[in-house]
Amino acid sequence: MKLKSLVAMLCWSIPALLFSQKQPLDYYLPSAKYDPAIPTPEQFFGFQIGEWHLSHDQMLAYYRALDAASDRITLHEYGRSHELRPLIYLVITSEKNHANLPAIQREHLALCDPERSNKLDVSKMPVVIYQGFSIHGNEPSGANAATLVAYRLAAAQDEETLQLLDKAVIIFDPCFNPDGAQRFSTWVNSNRNQNLNGDNTDREYHEAWPGGRFNHYWFDLNRDWLPGQQPESTGRIANFQAWRPNILTDHHEMGSNSTFFFMPGVPSRVNPLTPKLNQELTAKIGNYHAEALDAIGSLYYAEEGYDDFYYGKGSTYPDAQGCIGILFEQASSRGHLHNTVNGPLSFPFTIRNQVRTALSTQRAAISMRTELLDYQRNFYKNSLEAARHDNRKAFVVGEKYDRARLLKFVEMLRRQDIHVFENQEKIKAEGVEFVPGTSFLIPLEQPQYKLILGMFQRDTTFTDSIFYDISAWTMPLAFNLEYAGLKGSDFSKKQMGKEVLSTQLPDGQLFATADNYAFAFEWDEYFAPATLYFLLKKGLLVKMATKPFTGTTASGQRNFNYGTIVVPMQNPNLTGSALKEALQTAAQIGHLDIYGLTTGLNPNSIDLGSNNMDVLRKPTVLLLTGDGVSATDAGEVWHLLDTRYGMPVTKADLTDVNPKMLDKYNVLVMPSGNYSSLNPATLGAWVSNGGTLVALENAVKWLESKQMVSVTFKKIPEETSSPTMRKPYVGVSEDNASQNLNGAIFEAELDLTHPMAFGYRRPKLPVFRNGELFAEPSKNAYAMPLAYSSSPLLAGFVPKKLKPLAKGSGAILVGGQGGGRIICLLDNPSFRAFWYGTDKLLANAIFFGNTISGQAIERK
């Protein structure tokens, strides 16, 4: 051994001598003979798993070493996180299977095609298992356990492992969330004591905001399997679709005072589209987990607390695709050792449970191999048969004014291997006209029939009133698209044009001539805010039309709607060819068309020099963050402005806010949260000096409590019962949970003439509604640009006590002090980055908020 290597190994080994957390390999893994040529995790890292939290770079290095040392493993990079960390999976199987892997993959995918699946002999086919770990970065036992499971698969020589490798292909994703894992491991390792301290007040167990749960932009990646808006998600969705596994496992952690959970979840909370047999097979697999945990004496439970309803979660997403999704939840040690009601909980203990259930999953898959393969084949055959008997034959989806938003919707469908076709005929359905060029067809008679229904699902009645996550996510409503189901008499294959194999956003164009007086683009397109910000950043004079007008272009008269952006040819900082070059770039950034106007005189509408053309200022945005603020809500704002609109965003902790800081910004965004550490007088002075304050959800409640806005919240009626009425004690938890509004879709009505509604053409707008804050209508008739309709529920569950409150409630209220404006958005406009349909509301508040007339605000 080289001296340098020996010194390095000794340095790595020193910490192992100082701590008492070390466990032998057979604490984690069943006894077996192991190939000495394959490095154990302890040999590679210089410490045993569980002594320290592995960082993502350490994990990655070990998997590369396994790839180099073992013929059973090949490593594949499938993407990069926002922080450019490699996203990898291992394909683990026998050498013989590796040599024939493309053919195995093709044959397995044929199981999902009813036209080919009958010819397959499943008795000769390997089962495909997708094992994924720690999608929440601060739930580390899964990712740390993955190293041990991978080592066993690479090195074990026992008969069970050899049979597993021969009869299975394992897609092994050892760390779903590299950025969050790195953030959390850094925190707990840097706060670790030599003498382990389970005292829950220790700094080790209280990670700094926003914590390691989320990815770089503070998104919960375990809610993104269906919409796929984050790079980590798009990569793993592609992996899933490329293999269509039979089992997918998702290893998590939960509260420290719990034990260990495995699926199935609560039987009454299963998505109605999921076959009953899916849950029966899940329960059968659960017997293997019980056996494994019984053997080591670990406490566990099933059919409690968790559900299988929202198809955007990792353990439910597979259920709509012929696969068995399994959630594991291990009580978290939160660091290295944690005192709990069940006694001291060590990190190694949490890892061992994850290891043993990963192995029991593999054992179940081999024992149930042909049963699982048959289930998958029959799932798709039954789905296709159900599609043929469905009265609806297709969905048609369209959007006449925003090409980018429509294409982003199609992109999401294609990501899920759903076949989409161009519409080549005029179709009228459900009172809406769909025309070629602005609409697409999704035929239901295709393998992903169940997943299509899951994306278009619009239920309002349920067998259970408790939801672990949201109760509605109807995707065309989230994108604010027009859509309709086409019945047999309305649908013909002649309507179907080319299949959409890929999507590309439009190339923005500048239509300019030598004699242009000004330039204009409409605010409808999704990326119009990116275009506007680019122009403002250039220092250009930019105006916004508060009324529609008819402009003269080189090709004739053209109508421009409310909110049209106008750039005069005579501009202070850029003119002539330099201005046109900037406008061409701006058009490409926003994927929209900019039109040259030949005159400022518009005889039948406002002129370009009209006082109804408001000058726009460049927004300098401060986003409040830190303890008390919802990290996911803040992350959604940051992500939208940074990645889609190309806007720099300054993120500041609440405790750092002071008058001098605020003076640098003209827009302040307050995500939902508790702002008890903020000084309302400081905010009020800033607003009075002309600032635009945008408050979301619970932030509005805080403003109201500090008398900064005039908002009256409706009171939730108290439950009335007779003095003698009694309820069983056992039901208290579920009764309370059933009163929550965890996420539904409401219909709201827009004032299309209001700056907050610019960019919208239809007065009805689907919004995501979460929580119990319902506002009374504004006393100023002009200060409520968005309000819920008289019958607002479009999809999802709403508790009975809240239904009367929703009718006519204010969804956006505009207040102000002095020269500034306070825009109150009672709902989350950028929910999980897939609610494309209401993102424009936030953009309008930021870009146009200061232009709202002082006569149209509710003053305190």
Legend entry - Dipole of the stretch 125-269, positive direction: furthest Cα of Thr147, Asn195, Trp218, with charges on the beta-carbon: Trp218
Inset, instruction - Apply 1/(1 + (r/R0)^6) to the Cβ-Cβ distance of Leu752 and Thr643, taking R0 = 45 Å, and write down the FRET efficiency to the nearest 0.05. - result: 0.95
Inset, instruction - Normalising by the residue count of the chain, find the relative contact order in percent from Cα pairs under 8 Å and 6+ residues apart. - result: 10 percent
Inset, instruction - Give me the orientation-averaged projected area of the Cα convex hull of the stretch 186-342, in nm², one decimal. - result: 10.8 nm²
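Which value, in debye to the nearest 20, gives the size of the charge dipole of the chain about its Cα centre, when Lys and Arg are +1 and Asp and Glu are -1 at the Cβ? Please list the in-between numbers first.
On the way: 82 positive and 88 negative charges, 297 e Å.
In total the dipole reaches around 1420 debye.
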Legend entry - Hits among lysines - C-alpha to C-alpha of Lys493 under 16 Å, sequence gap 8 or more where chains match: Lys393, Lys426, Lys428
Inset, instruction - Report the label-to-label distance for Arg363 and Leu541 in nanometres (one decimal), using points 7 Å from each Cα along the Cα→Cβ vector. - result: 7.8 nm
Legend entry - Top positive-direction residue, dipole computed over the chain with Cβ charges, set His754, Val500, Gly808: His754
Inset, instruction - Check the straight Cα-Cα distances from Lys803 and name the aspartates and glutamates below 19 Å, setting aside those fewer than 8 residues away within the same chain. - result: Asp459, Asp464, Glu697, Glu718, Glu719, Asp735, Glu747, Glu749, Glu772, Glu776, Asp827
Legend entry - For the stretch 322-381, convex hull of alpha carbons as volume per residue, Å³: 87 Å³
Inset, instruction - From zero up to wherever the largest Cα-Cα distance of the stretch 280-389 sits, split into 5 Å bins and tell me the percent of pairs in each. - result: 2, 10, 17, 19, 18, 14, 9, 5, 3, 2, 1, 0
Legend entry - Prolate/oblate/rounded call for the stretch 622-751, Cα gyration tensor, a/c under 1.5 rounded: prolate
Legend entry - Extent along principal axes [Cα atoms of the stretch 520-615; Å; largest to smallest]: 32, 27, 26
Inset, instruction - Starting at the first residue of the stretch 838-846, write each ³J(HN,Hα) from the Karplus equation 6.51 cos²θ - 1.76 cosθ + 1.60 with θ = phi - 60°, in whole Hz, x for Gly and Pro. - result: 10, 4, 5, 4, 5, 4, 5, 4, 6
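Ratio to report: Rg/Rh of the stretch 96-213, with Cα atoms as the point set and Rh obtained by the Kirkwood method; give two decimals.
So for the stretch 96-213, dividing Rg by the Kirkwood Rh gives 1.17.
Per residue, how much accessible area does the chain have with a 1.4 Å probe, in Å²? Could the numbers behind the result be given before it?
Details: 32730 Å² over 860 residues.
Here the residues of the chain average 38 Å² of exposed surface.
Write down, largest first, the equivalent ellipsoid semi-axes of the stretch 433-558 in whole Å, where each equals the square root of 5 times an eigenvalue of the alpha-carbon gyration tensor.
In descending order, the three semi-axes are 40, 22, 14 Å.
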Inset, instruction - Would you pull out the residues with amide H under 5 Å of Thr340's amide H, same chain only if 5 or more places away, H placed 1.01 Å from N? - result: Leu345
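Take the solvent-accessible surface of the protein heavy atoms, probe 1.4 Å, and return the percent of it on the chain that carbon and sulfur atoms account for.
Working: 16100 of 32730 Å².
So the carbon and sulfur contribution to the accessible surface is 49 percent.
For the stretch 249-343, report the translational diffusion coefficient in µm²/s to the nearest whole number, using Stokes-Einstein at 4 °C, 1.567 mPa s, and a Kirkwood Rh over Cα pairs. Can you show the working numbers first?
Details: Rh = 13.9 Å.
After rounding, the answer is 93 µm²/s.
Size of the dipole of the stretch 716-860 about the Cα centre, Lys and Arg at +1 and Asp and Glu at -1 on the beta carbon, nothing else charged, in debye to 20?
Values: 16 positive and 12 negative charges, 36 e Å.
Computed about the Cα centre, the dipole is about 180 debye.
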Inset, instruction - Sort out for me the Cα centre separation of the stretch 585-661 from the stretch 410-466, rounded to whole Å. - result: 32 Å
Inset, instruction - Along Cα→Cβ, 7 Å out, is where each label goes; now give me the distance between the ones at Lys400 and Glu718 in nm to one decimal. - result: 5.3 nm
Legend entry - Centre separation in Å (Cα based) which lies between the stretch 783-860 and the stretch 166-211: 38 Å
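Could you give the alpha-carbon Rg of the stretch 761-835 over 2.2 N^0.38 Å, rounded to two decimals? All intermediate terms of the calculation are to be shown ahead of the outcome.
Working: Rg = 13.2 Å, N = 75, 2.2 N^0.38 = 11.3 Å.
Ratio of Cα Rg to 2.2 N^0.38 Å: 1.17.
Among the GluC sites (Glu not before Pro) in the stretch 258-320, which ones are in a DSSP loop with at most 12 other Cβ atoms within 10 Å of the Cβ? Mind listing them? Before the final figure, lay out each step's value.
Numbers: sites: Glu280, Glu291, Glu303, Glu304; in loops: Glu303, Glu304.
Of the GluC sites (Glu not before Pro), the ones in loops of the stretch 258-320 whose Cβ has at most 12 other Cβ atoms within 10 Å are Glu304.
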Inset, instruction - Select from Phe831, Leu765, Ala843 the residue farthest towards the positive end of the dipole of the stretch 753-850; place +1 on Cβ of Lys and Arg, -1 on Cβ of Asp and Glu, and compute about the Cα centre. - result: Leu765
Legend entry - With 5 Å bins from 0: P(r) over the stretch 814-860, alpha-carbon pairs, percent: 5, 21, 27, 20, 14, 9, 5, 0
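Keeping all protein chains in place and using 1.4 angstrom, which order do Asp26, Asp166, Asp469 fall into by accessible surface area, from largest down?
Details: Asp26 100, Asp166 55, Asp469 15 Å².
Sorted by accessible area, descending: Asp26, Asp166, Asp469.
Quick check: from the Cα gyration tensor, does the stretch 24-97 come out rounded (a/c under 1.5), prolate or oblate?
On the way: a/c = 2.31, a/b = 1.18, b/c = 1.96.
Oblate.
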Inset, instruction - From the P(r) of the stretch 325-450, can you give the percent of Cα pairs sitting at distances over 22 Å? - result: 62 percent
Legend entry - Computed helical MRE - 222 nm, the chain, DSSP H runs ≥ 4 contributing -39500 (n - 2.57), nearest 500: -9500 deg cm²/dmol
Inset, instruction - Name the lysines eligible as straight-distance cross-link partners of Lys22: C-alpha to C-alpha under 22 Å, and not fewer than 8 places from it in the same chain. - result: Lys33
Inset, instruction - For Glu253, enumerate residues with amide H under 5 Å from its amide H, sequence gap 5+ or separate chain, H modeled in the peptide plane. - result: Gln330
Legend entry - Globularity index of the stretch 650-725, i.e. its alpha-carbon radius of gyration over 2.2 N^0.38 Å: 1.48
Inset, instruction - Just give me a number: lysine pairs in the stretch 517-664, eight or more positions apart or cross-chain, with C-alpha atoms less than 30 Å apart. - result: 25
Legend entry - 3J(HN,Hα) from dihedral phi, the stretch 468-474, Karplus parametrisation 6.51/-1.76/1.60, rounded to Hz, x for glycine, proline: 5, 10, 5, 9, 8, 8, 3
Legend entry - Residue-by-residue Karplus 3J(HN,Hα) for the stretch 25-30, coefficients 6.51, -1.76, 1.60, Hz, glycine and proline x: 4, 6, 5, 8, 10, x
Legend entry - Dipole moment magnitude, nearest 20 debye, the stretch 124-220 about Cα centre, only Lys, Arg, Asp, Glu C-beta charged: 160 debye
Inset, instruction - State, to one decimal in nm², a quarter of the convex hull surface area for the C-alpha atoms of the chain, i.e. the direction-averaged projected area. - result: 40.4 nm²
Legend entry - For the stretch 689-814, alpha-carbon Rg relative to the globular expectation (2.2 N^0.38 Å, N residues): 1.24
Legend entry - Spin-label pair Asn378/Lys487, simplified geometry with 7 Å Cα→Cβ offset, distance in nm: 3.3 nm
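The values are calculated or read from the model by the stated rules, or taken from the named source; none is laboratory data. As the structure is a prediction and not an experimental result, all values here were calculated from the model. Because the Cβ atoms are built from the backbone with ideal geometry, glycine has one as well, and the counts that use them run over all protein chains shown. For the accessible areas, the whole protein counts, side chains as well, though only heavy atoms, and no ligand, DNA or RNA atoms are used. Shrake-Rupley method; radii C 1.70, N 1.55, O 1.52, S 1.80 Å.
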